[in-house]
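Below: the structure, in structure tokens.
The values are calculated or read from the model by the stated rules, or taken from the named source; none is laboratory data. This structure is a prediction, so every number in the text was calculated from the model and none was measured. Cβ sites come from the backbone with ideal geometry, for glycine too, and all protein chains shown count toward neighbours. For accessibility, only protein heavy atoms count, side chains too; no ligands or nucleic acids. Shrake-Rupley method; radii C 1.70, N 1.55, O 1.52, S 1.80 Å.
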Amino acid sequence: MSLPRYYFPGHRKIANLDFAKLGFDYTACPYRFEAVFQHGIWRVRGLIEDPNMTIPEGSQCLHYGQELFEGMKVHRGPDDRIYAFRPLENARRLNHGARYLCGPEVPEALFVRGIEEVAAANHPYIPPHGSGAALYVRPFYLGIGDNVGVKPARSYVFRIFVTPVGPYFKGGFGPDQGKAFMVSRLDRAAPRGSGHVKAGGNYACSFTPGQEAKSRGFAEALYLDPREHKYIEEIGAANFLGFRDGKLITPESTSVLPSVTRNSLLEIASTTFGWITEERKITLDELGEMDSAACCGTAAVVSWIARIADGDREWTFEFDERWQQLYDAILGIQTGTGDDPFGWRHEIPLK
Ligand SMILES: Cc1ncc(COP(=O)(O)O)c(C=O)c1O
């Protein structure tokens, strides 16, 4: 689906879409933001309308996976003010990836400016407050050029598109919305590989385990550590959380993606609620000792886990009010309905 272009500066109208019915799908919005790195400098192209891209056929992103992406959400507050959430954290994670893939960093100020411009330009598509939907923001980074050898590119494109989305897991969050996951015997990352980087190739390699889980009726695959297959890593595109002995625990691993949502929830848990948090190795067998479990991420927010299956073994969990507390606290910050003691809300200036 492609949406009409009607952006006028100062225009405050909301697009005529059934936002409450949106799934986690792509809908082309009128504007995207782009910058190009050539001859050692970033040149800002700014807002552009064409959703298609033309790049050289030899580009490193096409053949060798020299590609990175980010995922964030922008929300409309009750007073129609527009908020991003901790955009600098995503800029830093992208640049961690850029260093790992031997490409130039995107200046943080350029990254944040891009988010602000593209969100403001497409603001009719920022879902109404309370609709349960959000504007998903997808910054990405491509190594391009006329090339055939296995080596990093000299030129890069940094682009950001946006699209309004509904819940990532069908049904969203609620006491009756526990999700089921299947332990995969395949790995998404190598022990000393690129799991900590948001590189496209990691995700292509998660399609088979993800599809296997979905074809058996599960929401996603749960990955174990790639060295011993003993410890919990993460779940699809979300980090793992559990409550055990009154503590909020999360896996410590160099092969999981450091989640902005998880880091924020851990801080809310300890600072706002005074709970003890622990980042440590968590064995799969420990699921039997846990009071409750959940996964979290930009797309998933907080999703509580009702069931985890591993062959003929199975662990089941009840809804835990503490997931609701965490969900309400982070969403309150993101949507402008709650206090923001950490200063994480980033208001998007509207011209
Ligand atoms: C593999 C993986 N783990 C975890 C997450 C959650 O990270 P965040 O909370 O920054 O969205 C994501 C999504 O970005 C992901 O792709």
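Values for this structure:
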{"read-out": "Neighbour count of at most 16 Cβ within 10 Å plus DSSP loop: longest GluC sites (Glu not before Pro)-free window in the chain", "value": "58-227"}
{"read-out": "Pair-distance profile P(r), taking every C-alpha pair of segment 19-166, with 10 angstrom steps and integer %", "value": "11, 40, 33, 13, 3, 0"}
{"read-out": "Over the chain: helical MRE at 222 nm, DSSP H runs n ≥ 4 each giving -39500 (n - 2.57), nearest 500", "value": "-5500 deg cm²/dmol"}
{"read-out": "Around residue 276: net Lys/Arg minus Asp/Glu count, Cβ-Cβ under 10 Å", "value": "-1"}
{"read-out": "Normalised convex hull volume, the chain, alpha-carbon set, Å³ per residue", "value": "135 Å³"}
{"read-out": "Per-residue ³J(HN,Hα) for segment 120-133, Karplus 6.51 cos²θ - 1.76 cosθ + 1.60, θ = phi - 60°, Hz, x for Gly and Pro", "value": "5, 5, 9, 4, x, 9, 7, x, x, 4, x, 7, x, 9"}
{"read-out": "Solvent-accessible ranking of 179, 21, largest area first, probe 1.4 Å", "value": "21, 179"}
{"read-out": "For segment 179-335, alpha-carbon Rg relative to the globular expectation (2.2 N^0.38 Å, N residues)", "value": "0.97"}
{"read-out": "Cα-centre dipole for segment 19-166 with unit charges at Cβ (Lys and Arg positive, Asp and Glu negative), debye to 20", "value": "260 debye"}
{"read-out": "Extended-chain gain in nm, criterion 0.36 nm per residue less alpha-carbon gap, residue 247 and residue 109", "value": "46.0 nm"}
{"read-out": "Whole-Hz ³J(HN,Hα) from phi, Karplus 6.51 cos²θ - 1.76 cosθ + 1.60, for segment 257-269, glycine and proline x", "value": "7, x, 7, 5, 5, 4, 4, 5, 5, 5, 5, 4, 4"}
{"read-out": "Contact order normalised by residue count of the chain, Cα under 8 Å, 6+ apart, percent", "value": "20 percent"}
{"read-out": "Simple label model, 7 Å out from Cα along Cβ direction - residue 27 to residue 208, nm", "value": "3.6 nm"}
{"read-out": "Accessible-area value, residue 144, 1.4 Å probe, nucleic acids and ligands omitted, Å²", "value": "20 Å²"}
{"read-out": "Length-normalised contact order for segment 1-134 - Cα pairs under 8 Å, 6+ apart - percent", "value": "31 percent"}
{"read-out": "Longest to shortest principal axis, alpha-carbon extents of segment 254-351, angstrom", "value": "57, 27, 22"}
{"read-out": "Other-chain or far-sequence residues with amide H under 5 Å of residue 82's (modelled H)", "value": "77, 348"}
{"read-out": "Probe 1.4 Å - accessible area at residue 205, Å² to nearest ten", "value": "80 Å²"}
{"read-out": "In Hz, Karplus ³J(HN,Hα) per residue of segment 197-206 (6.51, -1.76, 1.60; θ = phi - 60°; x = Gly, Pro)", "value": "10, 8, 9, x, x, 4, 7, 4, 6, 9"}
